[in-house]
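Take a look at the structure below.
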Amino acid sequence: MINKVKQTAEEKYEQLKAALEGTNDQFDADLLDTSAPGEPIPSGARHPVSIMLNKIIGIFERIGFTVAEEREVETDWYNFTAMNTPEDHPARDMQDTFYVRNAPNMLLRPHTSSVQSRVMTTQKPPIRIIAPGRVYRNETISARSHCQFHQVEGLYVDEGVSFADMKQTLLYFAREMYGRDTNIRLRPSYFPFTEPSAEMDVYMGTSDEKSYRLTKGTGWLEVLGCGMVDPKVLENCGINPKKYTGFAFGIGIERSALQNYDISDIRYLFENDVRLMRQFGSAI
Ligand code: DAH
């Protein structure tokens, strides 16, 4: 078989060689300088936000999470009601959330947590997803905040999922993301869709000027919100909370991108100036 392949290859080679050497006036040899250096092909660069997103996705894919993507224009139910956010909760305030004109039930999702209810109403446990995506909030645009940014949501629902599982998963994430010796701490917090809820900080230290500034002298940097999925949320989505438990988390991307790449103003990330993006190469 190998001989046959060799024979065919040789025939092909001879054919092509003959065609090139033959009097082929389709191209004029004088015009074609085969020794001239090639024209460089400009290579594209990834946006710093994409680099961060891809890195986070990679970290969670390695431990069995799959990517779930959902709509940015969402209904009130998936975004708030299903997620145990009561009618009078401040997060529903028109000041924060963009609603669609003439469609009071439609909004631009202010967080990726809406993907949780989308997934839980359509899939059965075990569920292990991460959901990267764009979110919108009615914020005054400044160097530190924008009306659009990105988050990665994580959700794990199965029988017997515990707070300890969450801690271990997040510690793994922090060490992959920030370095092998990274330490984390969980501070009690409040989110309507988790109980108990926490915020996770990673220890950056204060030894260099940048860490000192970023952590306001404490050494600790806040990176995500998390918690055990509130049984009410499971129930709203048709999952039996007596049988299943889960944890969830939400990571903001832009702050980390700014810190990581020493970019001083969030607005640069949305101006699509190639001079900015070229600086970060095309890593991953
Ligand atoms: N959705 C929250 C926010 O935008 C972040 C968050 C907190 C997501 C706790 C979660 C969670 O999944 O469990 O601030």
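Quick note: the coordinates plus some simple rules give every number you see, no bench work behind them. Treat the numbers as computed from the prediction; the structure is a model and nothing was measured. Cβ placement follows ideal geometry from the backbone for every residue including glycine, while neighbour counts extend to all protein chains displayed.
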Task: Relative pair counts by distance (%), Cα atoms of segment 212-284, 5 Å bins - done: 3, 11, 15, 15, 11, 11, 10, 10, 9, 4, 0
- [ ] Return the subset of K167/K210; K55/K242; K216/K242; K6/K55; K167/K243; K210/K232 for which the Cα-Cα distance in this structure is over 32 Å, preserving the input order.
- [x] K55/K242; K216/K242; K6/K55; K210/K232
Open item on the list: Given Cβ point charges of +1 (Lys, Arg) and -1 (Asp, Glu) and nothing else, what value in debye, to the nearest 20, does the dipole of the chain about its Cα centre take?
Closed with: 940
Task: For peptides 50-58, 114-122, 99-107, sequence by mean Cβ density within 10 Å, most packed first - done: 114-122, 50-58, 99-107
Task: Fewest-first ranking of H89, H146, using other Cβ atoms within 10 Å as the exposure measure - done: H89, H146
Task: Size-normalised alpha-carbon gyration radius of the chain, reference 2.2 N^0.38 Å - done: 1.38
TODO: Provide the convex hull volume over Cα atoms per residue for segment 138-284, in Å³.
DONE: 151
Task: Proportion of all alpha-carbon pairs of segment 110-166 beyond 12 Å (%) - done: 69
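Which whole-number percent gives the relative contact order of segment 205-271, counting Cα pairs below 8 Å spaced six or more residues apart?
24
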- [ ] Report the label-to-label distance for N102 and L171 in nanometres (one decimal), using points 7 Å from each Cα along the Cα→Cβ vector.
- [x] 5.5
Open item on the list: Using only the alpha-carbon atoms, what does segment 127-193 span along each of its principal axes? Please give whole angstrom values in decreasing order.
Closed with: 41, 30, 23
Open item on the list: Given a 10 angstrom Cα cut-off, can you work out which residue in E209, E72, E254 is the most mobile in a GNM of the chain?
Closed with: E209
TODO: Please list 190-197, 13-20 highest first by mean number of surrounding beta-carbon atoms within 10 Å per residue.
DONE: 190-197, 13-20
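Just need the relative contact order of the chain here, percent rounded to a whole number, with Cα pairs under 8 Å and 6+ apart.
Worked out over the chain, it gives 20 percent.
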